[in-house]
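Read through the structure below, which is laid out as structure tokens, and then see the notes.
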Number of protein chains: 2
Amino acid sequence: MISLRQMRSVVAVAEEGSFTRAAVRENATQSGISQHVATVEESLGIRLFERTSEGVLLTPAGDRYYKKILDVLRGSEEAIIDAQSSRETLSGPVRAGIMPVLARAALAPALERMACQHSDVSIHIMEGYSGALTDSVKAEELDFAVVPAFGGAVGLNVSHLARDREMLVGGAQSGLVHGKPVRLAELPPLKLVTPSRNNIRKARIEDYLTTHSVCVDRVMEMDAMFGTLDFVARTDWVTILPGVICAPDLDGTVRRIAPIDQPPLYLDLVQIEPARRPLSLQARVFLEELKKEVEELVAT
Amino acid sequence: MISLRQMRSVVAVAEEGSFTRAAVRENATQSGISQHVATVEESLGIRLFERTSEGVLLTPAGDRYYKKILDVLRGSEEAIIDAQSSRETLSGPVRAGIMPVLARAALAPALERMACQHSDVSIHIMEGYSGALTDSVKAEELDFAVVPAFGGAVGLNVSHLARDREMLVGGAQSGLVHGKPVRLAELPPLKLVTPSRNNIRKARIEDYLTTHSVCVDRVMEMDAMFGTLDFVARTDWVTILPGVICAPDLDGTVRRIAPIDQPPLYLDLVQIEPARRPLSLQARVFLEELKKEVEELVAT
DNA sequence: TTGTGCTATCAAGAATTCTAATGAGGCTCT
DNA sequence: AGAGCCTCATTAGAATTCTTGATAGCACAA
């Protein structure tokens, strides 16, 4: 009889393409994974993986089996969640990953509502950039994460959460008119603060700058959200940030916010979760709160 | 994390309505089952069963959970079967239960084809009456069984296999014309050999006799197939048997076979298998052979 | 050749799962 | 009321399974 643990091992190896990485993800040793997979292969009487010197690949039969047991694993978790939904109060942990952009304005209200309406739910937030969050979700250290849209990944369910608009943000002396859309190409050469290279938004912003022939004087890469905000407020540098982060600056006294226009630059936010595990009820509720909050912020 | 074994325990208890019987069915001890169920209930945080002094009953939440994990268990077995179907040769065991009526004529040809076409498949046949076969299927001592249609049972998948016609069978001196349909009500009082009370066919036959005012002189209950056949051949007693058993008597020299008519009396054959486990590939193939054979016999 | 990546294998210890015995409660018969 | 029989729950120890860490082997690249 093949156990769920063994199936998890097969799934991990299939998705990671490597026994070693699968072991890391499953908090196990390579040896244990190897034994599990070997046991499964033996009791099925078929070879699931083609071993090469730099990892493994699913055989056709292995691929079919992998798809089947994905359903089994998901089903077993769904059953738990479903059963728990019949309890009076929502409880249990929620471990959510969110990008810094959301953490400034959208997080707190959602958190507050959640904490007061479902006091038995313990929430753990991890703030980080998409790469780190994605890894944590894969390792199931997080139930889900909200990150910028990206190319997709094996073993993850990706679904669209909201679309936000990028803004040009500068200080009082930036010359920007608060709330008035700007066309970047028409501005004098920019002194621009951008995220660093490993940030997904960086690539999108650069794309936009080159394809719309925006003139850039100087570029500074900075991954510190608060640092950036403070820096542009005090100097003549500007930066590009999504609308959701701008709510605290709505009055326009400290910082000037100008929607990028002609064409607008959008930021698509997606939620990601492990494909092999459905979201817990409490996680779904929290995600709903977050989404509600983001949509509200985007609308303003 | 809830294991498949634990789920099996929950399913068994749900279907048997008792920890003790579930333990028997699972080849385990009542203690083990109790612990498994307790663990599951604890990790779900809900009560799955209402304990009474004469067994247990699913709570509403328990019922939902039961239905979910049935799918999970079936899925995990399906994955195995599916994976094995990608192997070159069919192999593994088939444990089939069939009623004596089928064993006389339908079994041997199906068995022979199976044995010669799939030499790696080991077949084990259990002959018995529906009660015993049903129990064995529930205990998973058998992969499937073919029995007369009946009222259904929890934990079993029942599906129609074939419909056969009951025949009146007598010896040379019975006065029956071989192959000519008879109306039982028009015959002189019958000296009838029937199955015994715990046989499903018995009830159907009695129903027929009373609702169609058939005159019966004497009744003898006998559960021995060969004994019955031999007995009616030598005496003026007659019996009622389905057509599938009559193939060896097609010539009409030893026994006379007369289809019961106005109205005909049918025997519906169903296949039963555990609901929580799909049929293995080899079992499905064998069942197909059996079905083919039965249909051929019924047609003649 | 040496180094680096990968998976397989082994034996021992840790952890889990099973079992057998016993307990506690309810029902039914005498 | 008490004996007998049924139910499920609870233990402690036995049996099994899982996990680990060390090691071996293999393929490829420098």
(request) Give me Rg over Rh for region A:164-266, both radii from the alpha carbons and Rh done the Kirkwood way, two decimal places. (result) 0.91
(request) Pull up the cross-link candidates among the aspartates and glutamates for B:Lys67, meaning alpha carbon to alpha carbon under 12 Å and not fewer than 8 places away within one chain. (result) A:Glu78, A:Asp82, B:Glu15
(request) Enumerate the calculated ³J(HN,Hα) couplings along region B:51-56 in order (Karplus 6.51 cos²θ - 1.76 cosθ + 1.60, θ = phi - 60°), each rounded to whole Hz, writing x wherever the residue is Gly or Pro. (result) 8, 10, 6, 10, x, 9
(message) Please give me the summed charge of the neighbours of A:Arg74: other residues whose Cβ is under 10 Å from its Cβ, Lys and Arg +1, Asp and Glu -1.
(response) -1
(message) Counting only helical runs of four or more DSSP H residues, what would the 222 nm mean residue ellipticity of the protein assembly as shown come to if each run contributes -39,500 (n - 2.57) and the total is spread over all its residues?
(response) -13500 deg cm²/dmol
(message) Please list, ordered by chain and number, the residues whose modelled amide H lies under 5 Å from the amide H of B:Met222; skip anything fewer than 5 residues away on the same chain.
(response) B:Thr194, B:Ser196
(request) In whole Å, largest first, what are the principal axis extents of the Cα atoms in the protein assembly as shown? (result) 120, 54, 46
(request) Using +1 at the Cβ of each Lys and Arg and -1 at the Cβ of each Asp and Glu in chain B, identify which of B:Ile205, B:Pro248, B:Ser53 lies farthest towards the dipole's positive end. (result) B:Ser53
(request) Let me know the longest stretch in chain B that avoids all GluC sites (Glu not before Pro) found in a DSSP loop with at most 13 other C-beta atoms within 10 Å. (result) B:89-300
(request) Could you work out how far apart the two model spin labels at A:Glu288 and B:Gln30 are, taking each label as a point 7 Å from the Cα in the direction of the beta carbon, and quote it in nm? (result) 4.4
(request) With no solvent and one equal point scatterer per Cα, compute the Debye intensity ratio I(q)/I(0) for region B:1-148 at 0.10, 0.14, 0.18 Å⁻¹ and report its log10, rounded to two decimals. (result) -0.47, -0.82, -1.07
(message) Working only with C-alpha atoms, what are the Rg and Dmax values of region B:4-84, expressed in angstrom?
(response) 12.8, 45
(message) Can you compute 3J(HN,Hα) from phi for each residue in region A:195-209, using the Karplus curve 6.51 cos²θ - 1.76 cosθ + 1.60 with θ = phi - 60°, rounded to whole Hz and x for Gly and Pro?
(response) x, 7, 4, 7, 9, 4, 5, 3, 4, 5, 5, 4, 3, 4, 4
(request) Report, to the nearest whole %, how much of the accessible area of region A:181-243 belongs to carbon and sulfur atoms, 1.4 Å probe, protein only. (result) 53
(message) Suppose each label sits 7 Å from its Cα in the direction of the beta carbon; what would the B:Asp207-B:Asp135 distance come out to in nanometres?
(response) 2.4
(message) Please compute the length gained on full extension between B:Ala185 and B:Asp261, using 0.36 nm multiplied by the number of residues separating them and subtracting their Cα-Cα distance.
(response) 26.4 nm
(message) Please compare each pair in B:Lys202/B:Lys292; A:Lys68/A:Lys202; B:Lys191/B:Lys292; A:Lys138/A:Lys191 to a cut-off of 28 Å on the Cα-Cα distance and tell me which ones are over it.
(response) A:Lys68/A:Lys202; B:Lys191/B:Lys292; A:Lys138/A:Lys191
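State, as an integer percentage, the relative contact order of chain A based on alpha-carbon contacts under 8 Å between residues 6 or more apart.
Relative contact order of chain A: 24 percent.
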(message) Rg/Rh for chain B to two decimals, with Rh computed the Kirkwood way over all alpha-carbon pairs.
(response) 1.06
(request) Please list A:60-67, B:174-181 highest first by mean number of surrounding beta-carbon atoms within 10 Å per residue. (result) A:60-67, B:174-181
(message) Cβ neighbours within 10 Å, averaged per peptide: list A:270-276, B:259-265, A:193-199, B:19-25 in order, most packed at the top.
(response) A:270-276, B:19-25, A:193-199, B:259-265
(request) For region B:69-101, list whatever residues lose no less than 10 Å² of accessible surface once every protein chain is in place, relative to that chain by itself, with the probe at 1.4 Å. (result) B:Val72, B:Gly75, B:Ser76, B:Glu77, B:Glu78, B:Ala79, B:Ile80, B:Asp82, B:Ala83, B:Gln84, B:Ser86, B:Arg87
(request) Please give the FRET efficiency for B:Ser196 paired with B:Ala103, using the beta carbon to beta carbon distance and R0 = 22 Å, rounded to the nearest 0.05. (result) 0.80
(request) In whole Hz, with x marking every Gly and Pro, tabulate ³J(HN,Hα) for region B:162-167 from phi via Karplus 6.51 cos²θ - 1.76 cosθ + 1.60, θ = phi - 60°. (result) 6, 10, 10, 10, 7, 10
(request) In nm, give the distance between the simple-model label positions of A:Asp120 and B:Glu221, each being 7 Å from the Cα along the Cα-to-Cβ direction. (result) 5.6
(message) Give the B-A buried accessible area in Å², both sides summed, 1.4 Å probe, nearest 100.
(response) 2200
(request) In whole angstrom, note down how far apart the Cα centers of region B:233-285 and region A:201-257 are. (result) 84
(request) Output, in nm with one decimal and in ascending order, the distances from the B:Glu50 label point to the matching label points of the other copies (7 Å from Cα along Cα-to-Cβ). (result) 5.7
(message) What does the extension gain come out to for B:Asp268 and B:Leu57, with contour length at 0.36 nm per residue minus their alpha carbon separation?
(response) 72.7 nm
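The values are calculated or read from the model by the stated rules, or taken from the named source; none is laboratory data. If you're wondering where the values come from, they're calculated on a predicted model, not measured in any experiment. Here Cβ is always computed from backbone atoms with ideal geometry, including for glycine, and neighbour counts include all displayed protein chains. The accessibility values were calculated without ligands, DNA or RNA, using every heavy atom of the protein model including side chains. Shrake-Rupley method; radii C 1.70, N 1.55, O 1.52, S 1.80 Å.
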